[in-house]
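Beneath this line is the structure, given in C-alpha cells, with notes to follow.
Since every read-out is calculated from the coordinates, none of them should be taken as a lab result. Being a predicted model, the structure only gives us computed values, none of them experimental. For neighbour counting, all protein chains shown are included, and Cβ atoms are generated from backbone atoms with ideal geometry for every residue, glycine included.
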Amino acid sequence: MADRFHAPIESRDWFKKLDFSIRMYDYYFCLMLGLVKKRKASDEEMVNSEEFVEYFPEPFGSGKNKIISLFLETELSLLGIDLSNREAVQKILTEYITPNSLTWLTKKGLSEMDKYCAGGFEILRDEFDDRPASKYAFFLNFERLITEALATTD
Amino acid sequence: MQTKTSLKILGWKSNNLRCPDHSVSFRKGEDNDSHRISLLQMPNGTGKTTLWKLLRTALSGDKTELQDDGIIEFKRKGSDDDFGSFDVSLLFNGAMLSIEIYFDFDSCTVDFWTTYSKGKGRVQGFHPPVEAMRFLNNSFAKFFIFDGELASNFLRKDSRKTREVIDVISQLGDLNNINKLLDTYFENCIDNCGVSTLQGFNRRKSAYQEVKDTLDQRKKELEKLESDEKSAEDSLDELTTRADEYIQTQKGIRERIEGLEKHLRNLDAEYKDSENRALNIIIQPDALSKHFAKRITKFCESLDRLKLPENVAREFFIELQEENNCICGRPMDKEAKNEIKKQETRLLGSEIITVLNQLKSSKLPPEIQIFEDKNQELKEILGKMKENDVARRDCSTEIEMQKNSIDDEDYVALIDKKRNLEIRIDDISTAIDKYRATTDSAKNVKSTYSIQVLEKELNKRSKEYLKSKEAQIFQVKSQLTKKLLENAYQEAQRTICSQITEDTNVRIEQVMPYNSIRIAGIENYLHLEGQKGSSEGEKLSIAYAFLTSLFHGCGYYLPFIVDSPANPIDLEKRGKIAELVPKLAEQFVTFIISSERGGFLEALEKNESDIQYLTLFRNNIPSIVEKAKHAKSYQETENGMLVEDKSFFWEFQMQKEEE
C-alpha cells in the first residue's frame, strides 16, 4: 500500500469551522508554519496522527515541486548539511526522493514532511487564542504568522 | 511396544595420566556385546581413585571434580608431555558413543570431546544424544557408577537420594517438568498481559467496564441530543415559515427586506470569490512569501552548482560493464569493471533524475516582481474581504431590524420563540461537537465526551482485559492440570514404591536370611522396619537389593560399576552379595583388590559364567611382569601392564611379590 500523508488527529477539529473542501488544505497550512519555523514533531508525537491521502490532490498537484523543494531546503538546513556538500546532498536526495511514489517522496521523506506538519500545528494551536471561525480571520492571522516568523529568521 | 533403553561400557583408554597408560575392552568377541561381569583388579597405588574420578567425569559431563583436585594432579609423574586423555567407549541403543576428556597440562584446562555415530562426528564439548542425557548427568551417574557413600544416603532421613533415583528411573520426574513448563508458559502470559493476580485481573475488568459503560452512556446522550436538535430545527423551520408568511402580508417591510436579502446574496458571492482567490495565492509558497521564493530558488541553484542530477545515469555504467570493451576501446577486464562499479554507485538512477529535474523547474526567475504582485494581490483581497465582512454583517443586522420593526404582538412572540430556539440549537450543536470531537482533554474516562476517544480507549482496554482473561483462564486450567499431575505423581509413586519395597525385601532376605532387617516403606529414604541403625555391610546389602529391584523394574539396561563391592561386608555375607550381583544389571564392572576376592569370587562364579578377569598394575616389579608375560592375554605400556587371565587374576598378590 502506498504511503499516505499524516496530519495530527486534533487538527481535524481545529479546522472544522473553516470547512475547507479537502484535508490537504489543513495539512498545507500546518506544513508551511512547520517549515518556516523549522519545527518538527517527535516520533512519539506522531502517534497521534491520522493518514488521509497518498498524493498531492488538486489544486496542490501543479505546485508540489515547490512544496517539496522548500521541504528539502529546510530539512538540509536543519540537518546542518551545507548545500555545497555534493555527497551529503545526494545522500539525502536518494533517501527522500523516489519516482515510484505519487508524492515523489520515499516513506522516510514523507514521514519527515509529516513531522513538519505536526510541528506547524503546534504553532497554530499556540498562536491562535480561539479556533478560527471564518476563513478571512484565519488567512489574515496565518499570513501575519508567516511574515513575523520569516522576519525573525532572516 | 516401547524399546528398552540400553547403555553399555565397551571400554576405555587412558594416556599420560596418573594411572598406568592402558586400554581396556569389555567386549566379548568381535561384536559389540560385552561381558556380563568384568572384574578389574588393581592393587593399591595403581591410580584406582584417579580412574574412578575419570570414569565418573566422563559419564556425567561434570568436570568440577577434576578442577577441584587441580588439573595438573592428573598428569603422569615424570612425564614431559603436556597433554593427556581419557576416552570412554559406550554403546547407546546400539550406536557407538565416545566421550573423551582431553587434558592440557600447560594451560591447566580440561575439555570434553564427543563422538556419536548417529551425530555430526567428533564435536567439542559434552554432547551425548538427548535421550542419553537422562542418565549421563551428574545427579544420575552416581547411581550406576556406584559410590559406597550413597548406600548410607539411601537410609538417611534427611536425604532425598532414594526419591531422586526413583523419580529419574521411573520418569516420574517428567511430571514435575510438565509443571515447570506450565509455570513458564503462565509467566510468559503474565509478561505479555502484565497481570498476575486475581485482583489485577479484576482491576482490568473494571477498567474495561468503566469505559464501556461511559461509552454506552455517551452514545445514548448523543442520540438524545441529535433527536432534540432535529426536533428544534423542525420547530425553527416551522416558525421561520410562519414569520416569512407574516412578512409577506406586510408589503412595505417585505420589499425592503427582499432588497436587503438580494444585496446580502451579492455580498456573499463576492466574499466567496475573494476567498477562493486568496486561497489560490496562499497555496503557492513562493507567492505567500518572498523568503520562501528565495529559499526554493537557492535550493534549485545549489543542485545546479553541484551538477545534480548528472547528465549520465547509473544505468549507463551498469550496461557498460557488460560490454567486451570500454568506450575508450580498452578491453573490459576485472580491474576496469571494478573501477566502473565504484563510479556507478556515486550516480543517481535515471528515474530519480527525472524527478529532480522537475523539482528544479520550481526555480523562479531572478526578479521578484511576481512575488510582489501576488503578495500585493493577496493583501488587496484580504482587505476587500474585511470590507465585505463588515458589509455582510451590517446587511444582516438591517434585515433583522426590519423584521423586528413589526410590532404585532403575535409576530413578536413568534420571533422571541424563534430566537430562543436558535439559542437552544446553538447550545445543542456545541454539546454535540464535544461528542463528535476527535480529541478530548478530559483527565479521566467518566468526564470524557468524545465518542471517538472513548472507542479508542475501549479498544485498548478490551485488548488488555482479554489478554488478562486468557491468562486467568490458563491459570485456572494449569492449576487443575498441576493438581491432576500431582495426584498422578503421588499415586504412581505410591504404587512403584510399594512394588520396589516388596521386591527389595525379597532380595534382602536372600542376602541376609538370618537378619531381621526389612524395609517398612519408601519415603524420601529407605525406611527400615523397627530398626534404628545398621552396619556398613548391611547398608551396602540393602542398597544393592534396592537398586537391583529398581533397575529390574524400570525397563533400562544400564551398566553398574562398583568400587570394592564386598569390602565392608562380612566374609559370610559376601557370598550372598555375589549371588545378587549378576541380577543387578546387564553389565557389572567392578574395581577390586586381592583381599576382596575371598568369599565373593567363588560365589560369583557359581552364579555367573560370563566373567572377565582383568588385572592392571604398574610394571615396576620384574617378577610379576615376567609372570604376566605367560598369561593368556596381556598388554604392556611404558608404565603399566593389563592382563586378561583368570589364573593370573586369582594368583595375583602384589604385596607378597614385592616382599
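How do B:LEU181, B:LEU40 line up, fewest other C-beta atoms within 10 Å first?
B:LEU181, B:LEU40
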> Within straight cross-link reach of A:LYS66, meaning Cα distance under 12 Å, which aspartates and glutamates are found once same-chain residues fewer than 8 apart are removed?
Replying inline: B:ASP286
>> Just to confirm my numbers, what's the Cα centroid distance between the range B:270-284 and the range A:78-139 in Å?
In response: 23 Å
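Classify chain B as rounded, prolate or oblate, taking a ≥ b ≥ c as the square roots of the eigenvalues of its Cα gyration tensor: rounded when a/c is under 1.5, otherwise prolate if a/b is larger than b/c and oblate if not. Show your work: numbers first, answer last.
Values: a/c = 5.97, a/b = 2.24, b/c = 2.67.
Oblate, because a/c is 1.5 or more while a/b does not exceed b/c.
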>> Which residue, B:LEU182, B:HIS127, B:SER139, has the largest displacement toward the positive end of the dipole of the range B:122-200 when charges sit on each Cβ (Lys, Arg +1; Asp, Glu -1)?
In response: B:SER139
> So what's the back-of-envelope 222 nm ellipticity for the protein assembly as shown, counting only DSSP H runs of four-plus at -39500 (n - 2.57) apiece and dividing by all residues, rounded to 500?
Replying inline: -19500 deg cm²/dmol
> Once Rh is set to the Kirkwood radius over Cα pairs, what Stokes-Einstein translational diffusion coefficient, in µm²/s, holds for the range A:5-152 at a temperature of 25 °C and a viscosity of 0.890 mPa s?
Replying inline: 155 µm²/s
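So how strong a dipole does the range A:5-152 carry about its Cα centre when Lys and Arg Cβ are +1 and Asp and Glu Cβ are -1, to the nearest 20 debye? Could the numbers behind the result be given before it?
On the way: 19 positive and 25 negative charges, 71 e Å.
So the dipole magnitude of the range A:5-152 works out to roughly 340 debye.
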> Going toward the positive end of the dipole of the range B:354-474, with +1 on Lys and Arg Cβ and -1 on Asp and Glu Cβ, which of B:GLN452, B:GLN358, B:LEU466 do you reach last?
Replying inline: B:LEU466
>> Please report the spacing between the Cα centers of the range A:41-66 and the range B:544-558 in Å, no decimals.
In response: 77 Å
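For the protein assembly as shown, what is the charge dipole size about the Cα centre, in debye to the nearest 20, if Lys and Arg each add +1 at the Cβ and Asp and Glu each add -1 at the Cβ?
Working: 118 positive and 140 negative charges, 302 e Å.
Magnitude of the dipole: close to 1460 debye.
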> Taking Cα centroids, how far is the range B:377-403 from the range B:53-113 in Å?
Replying inline: 102 Å
>> Test of understanding: ordering B:THR397, B:THR57, B:THR50 by Cβ neighbours within 10 Å, fewest first, what list do you get?
In response: B:THR397, B:THR50, B:THR57
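Percent antiparallel among DSSP beta bridges with both residues in chain B, to the nearest 5?
Values: 48 of 67 bridges.
Here the antiparallel bridges make up roughly 70 percent for chain B.
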>> If I fit a long axis through the Cα atoms of helix B:409-436 and take the longest principal axis of the Cα atoms of chain B, what angle between them do I get, 0 to 90°, rounded to 10?
In response: 20 degrees
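Compute the signed sum of charges (Lys and Arg +1, Asp and Glu -1) over the other residues within less than 15 Å, Cβ to Cβ, of B:ARG392. If you can, show how the numbers build up before the last one.
Details: positive: A:LYS135, B:LYS262, B:ARG265, B:LYS272, B:LYS384, B:LYS386, B:ARG393; negative: B:GLU261, B:ASP268, B:GLU270, B:ASP273, B:GLU275, B:GLU387, B:ASP389, B:ASP394, B:GLU398, B:GLU400.
Around B:ARG392, the charge tally is -3.
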> Against the longest principal axis of chain B, how steep is helix B:350-360, in degrees 0 to 90 to the nearest 10, with axes from Cα atoms?
Replying inline: 40 degrees
> Once the Cα gyration tensor of the range B:510-619 is found, what semi-axes does its equivalent ellipsoid get, as square roots of 5 times the eigenvalues, in whole Å, sorted largest first?
Replying inline: 25, 17, 13
> Any idea which of A:ALA151, B:ASN388, B:SER535 is furthest toward the positive side of the dipole for the protein assembly as shown, if Lys and Arg beta-carbons carry +1 and Asp and Glu beta-carbons -1?
Replying inline: B:SER535
> Which order results if B:TYR271, A:TYR55 are arranged by neighbouring Cβ count within 10 Å, fewest first?
Replying inline: A:TYR55, B:TYR271
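Looking at the range A:39-104, which GluC sites (Glu not before Pro) are in a loop (DSSP not H, G, I, E or B) and have at most 10 other Cβ atoms within 10 Å? Can you show the working numbers first?
Numbers: sites: A:GLU44, A:GLU45, A:GLU50, A:GLU51, A:GLU54, A:GLU73, A:GLU75, A:GLU87, A:GLU95; in loops: A:GLU44, A:GLU54.
Listed in order of number, the matching sites are A:GLU44.
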> Say the cut-off is 25 Å between C-alpha atoms; which of B:LYS576/B:LYS646; A:LYS16/A:LYS108; A:LYS64/B:LYS290 go over it?
Replying inline: A:LYS16/A:LYS108
>> For chain B, take the longest principal axis of its alpha carbons; what is the angle in degrees between that and the long axis of helix B:251-282, to the nearest 10 within 0 to 90?
In response: 50 degrees
> If you place +1 on the Cβ of every Lys and Arg and -1 on the Cβ of every Asp and Glu, how big does the dipole about the Cα centre of the range B:101-162 come out, in debye to the nearest 20?
Replying inline: 420 debye
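Counting only other chains, and only Cβ atoms inside 10 Å, what mean value do you get across the residues of B:289-300? Walk me through the numbers before you get to the answer.
On the way: counts 8, 1, 8, 10, 2, 3, 8, 9, 2, 4, 11, 5.
Counting Cβ atoms of other protein chains within 10 Å of each residue's Cβ and averaging gives 6.
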> Give me the log10 of I(q) over I(0) for the protein assembly as shown at q = 0.08, 0.09, 0.10 Å⁻¹, as the Debye formula computes it from C-alpha points; what are the numbers?
Replying inline: -0.87, -0.96, -1.08
>> Tell me whether the range B:183-308 comes out rounded, prolate or oblate; compute the Cα gyration tensor, take square roots of the eigenvalues as a ≥ b ≥ c, and use a/c under 1.5 as the rounded threshold.
In response: oblate
